[in-house]
Amino acid sequence: FLPAGNVTAARVDMGPAILDSEKVPTTLKGDPVIDAPVTVAGHEFKITCLSMGNPHCVIFVRDPDYVDLEQIGPLLENNAIFPQRANVEFVQVVSRDHLRMRVWERGAGETLACGTGACASIVAAVMTGRADRHVVMDLLGGSLTLDWSPDDGHVYQEGPAQFVFDGEWLGE
């Protein structure tokens, strides 16, 4: 047990991205599925699909603040192209080393952050030539540093750690 205040950040190996469309899973063809056109609610979106242990649909937008997540999020999450539903990330490229994201998480709706979604977003940004392998990702809940290693293919995520709770387990 560490006393409060000793840990200020944590770095986590989130593993490799899964790019095989059948393993994402998505019914869209391509390994990987990159910038595939999909129309929902009368709007065409170019989506990149991958898994970080759970399915993701990454969409690059000019400004995620102007996306109607309440309408578009569930339509993509529950779309027939995702047999297990999907998390949907709307990502703005601020620069090659700075991204902003809003996320619609499957089964939960919009959330303040999504670690696997942030990882999926850097992989999609690199694969589409929009970003470098090291970025700062701004989410509604704060910022993360992400690295997609060219050596082992794993995505590494680092963010602030803060003491929020102390308790004692008394057993049954």
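Every number here is computed from the coordinates shown, using simple stated rules; none is lab data. It should be emphasised that the depicted structure is a prediction, and the values quoted were computed from it without experimental measurement. Cβ: placed from backbone, ideal geometry, glycine included. Neighbour counts: every protein chain shown.
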Review point. Loop-only check: which trypsin sites (Lys or Arg not before Pro) in the range 41-109 are DSSP coil with at most 13 other Cβ within 10 angstrom?
Key: 62
Point to revise | Mean separation of Cα contacts under 8 Å, 6 or more apart, over the residue count of the chain: relative contact order % | key: 23
Revision key, fill the gap. The chain, Gaussian network, Cα under 10 Å: of 97, 68, 20, the residue fluctuating most is 68
**Study point:** Tail beyond 18 Å, pair distance distribution of the range 126-172 (Cα, percent)
**Key:** 51
Revision key, fill the gap. Comparing 101, 127, 137 in a Gaussian network model of the chain (Cα, 10 Å), the one with the largest mean-square fluctuation is 127
Study note, to complete from the structure: Rh (Kirkwood, all Cα-Cα pairs) for the range 11-57, Å, reads 11.3
Exercise for review: Work out the length of the dipole vector of the chain about its Cα centre, built from +1 on the beta-carbon of each Lys and Arg and -1 on the beta-carbon of each Asp and Glu, and round it to the nearest 20 debye.
Suggested key: 460
Check your understanding: What angle do you read, to the nearest 10 degrees and between 0 and 90, between the alpha-carbon axis of helix 115-127 and the longest principal axis of the chain?
Key -> 50
Check your understanding: So which residue, out of 71, 84, 162, gets the largest mean-square fluctuation from a GNM of the chain using Cα contacts under 10 Å as springs?
Key -> 162
Review point. Assuming a viscosity of 1.002 mPa s and a temperature of 20 °C, what translational diffusion coefficient in µm² per second does Stokes-Einstein assign to the chain, Rh being the Kirkwood radius over Cα pairs?
Key: 129
Revision key, fill the gap. If unit charges are put on Cβ atoms (+1 for Lys and Arg, -1 for Asp and Glu) and the dipole of the chain is taken about its Cα centre, the option from 60, 148, 10 lying farthest towards the positive end turns out to be 60
